[in-house]
1. Evaluate the charge dipole of region 15-79 about its Cα centre and quote only its size in Debye, nearest 20, assuming +1 on the Cβ of each Lys and Arg and -1 on the Cβ of each Asp and Glu.
2. Putting +1 on Lys and Arg Cβ atoms and -1 on Asp and Glu Cβ atoms, find which of Asn118, Cys291, Leu103 reaches farthest to the positive end of the dipole of the chain.
3. Pull up all non-local amide H partners of Val104: gap of 5 or more, or a different chain, and H-to-H distance under 5 Å with H placed in the peptide plane.
4. Residue by residue through region 284-297, which ³J(HN,Hα) values in whole Hz follow from phi under the Karplus form 6.51 cos²θ - 1.76 cosθ + 1.60 (θ = phi - 60°), with glycine and proline marked x?
5. Magnitude of the Cβ-charge dipole of the chain, K/R +1 and D/E -1, about the Cα centre, nearest 20 debye?
6. For the chain, what is the mean residue ellipticity at 222 nm derived from helices alone (per DSSP H run of n ≥ 4: -39500 (n - 2.57); sum divided by total residues; nearest 500 deg cm²/dmol)?
7. Report the residue, chosen from His38, His343, His306, that carries the largest GNM mean-square fluctuation when the chain is represented by alpha-carbon nodes joined by springs under 10 Å.
8. Between Ile271, Leu12, Phe168, whose Cα lies farthest towards the positive end of the dipole of the chain when Lys and Arg beta carbons carry +1 and Asp and Glu beta carbons carry -1, centred on the Cα centre?
Amino acid sequence: MEFVFYTLATLLILLSYRSFRGGLDYLGYFRKELDKSHSEYTPFATIICPCKGLDAGLAENLARLFEQDYPACEVIFVVDDENDTAVSVIKDASRNDLKVSKLVVAPKAAESSQKVENLREAVLHADERAEVFVFVDSDARTSTDWLRGLVAPLEDSNVGASTGYRWFISKELKFASELLNIWNASIASALGSNTRKNFCWGGSMAIRRETFEKFDIREKWRGTLSDDFTLTRAMNAAKLPIVFVPQALTASIDDCSFREMLEFTTRQMKITRVYMPKLWIMSFLGSGLFCVVMTWSLLITMFSRHNDVSVWIAVVTLALVSALSAGKSYLRSKAVRLVLQDHTTELRKQMLPQLTLWFVSPFVFLINSFAPLVSRRVAWRGITYELVSAKETGIIANSDER
């Protein structure tokens, strides 16, 4: 058993060091990208924002879409019900708009997720001048240079898509909200300079219209639950790079309960299990290794009656993994502060949770990774879906909650 422990501990230390190096690369990538001059590539863009219900801060989130430093674009808001509570907020945000905006009502989902159905309908209403399709979630709070930054990589016609990502900011420092943030942050830092390993995030992504149509993305979305994983799979199949844009990182401002945190994280992993099974397996193995080794090390340190090699190995493992993991969290937070400068105060308050809750998040990942083995059902915005496959989604129930 000691040999097994030594082997697993060594492996975890090596992976932790690799992760820390990834944090250095992440910060370096942010600095390099932010040092670039503003792009002058600004083709007419269609921004598509699916809405359902009243997200926290919805009015400000939508207003930010009309404050973009960008010469020519339109905004299409899409709902599945003209009486949706978001409609009045959409109309208020659009009232004093100098840019073009539209409100589209999509049909009720029958074979895809409602979000996917909304997007499939919205692209049909894009202005004929649009050269770029841009997708943004209603809970994303963008900066004024978000659109320009997200579109810039598409000047290279060989680029498949560009993407940002979310960063959760809680209104109050609550355990569940901060745990959700560190869980999400570990995924955010998987993006970077390697365009072959990047993935699209549907809350902040862009694609050339000609690329969208060439690879028939609207039809590929039919029957799916995940818009971004489907687009990622399409770009990977075509061997087209996906460019991560730090300027397209968006704040998502809200609080959550422990139940909501667990529901959200488990849903993400169930979707990953269906659309990116290799990624799910890696998460399963990685979180499992961490939980086993760190728990084993703690038990040896606390209860061993002998001051032998195994105790020293356990202590060294705890110390090294802790230092490397906390260091990675610090580097990641420092990178994010370079972009989300409107939220500097909130981000500084996050530092202590970032430097401590990294220890808890792998246990949440492990729970999330087990869940798809038990069920493929997910609840999302009042609708319960069955993830039959990457191309088939069943609708189990629709409570039509607002």
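Quick note: the coordinates plus some simple rules give every number you see, no bench work behind them. Keep in mind that this is a model prediction, so the values were computed, not measured. Cβ atoms come from the backbone with ideal geometry, glycine included; neighbour counts cover every protein chain shown.
1. Its charge dipole is roughly 420 debye.
2. Ranked along the dipole, the leading option is Cys291.
3. Phe77, Val78, Val79
4. So the Karplus estimates, Gly and Pro as x, are 4, 5, x, 5, x, 4, 4, 5, 5, 5, 5, 5, 4, 5 Hz.
5. Using only the charged Cβ atoms, the result is roughly 1220 debye.
6. -16000 deg cm²/dmol
7. Fluctuation is largest for His306.
8. My answer, from the dipole projection, is Leu12.
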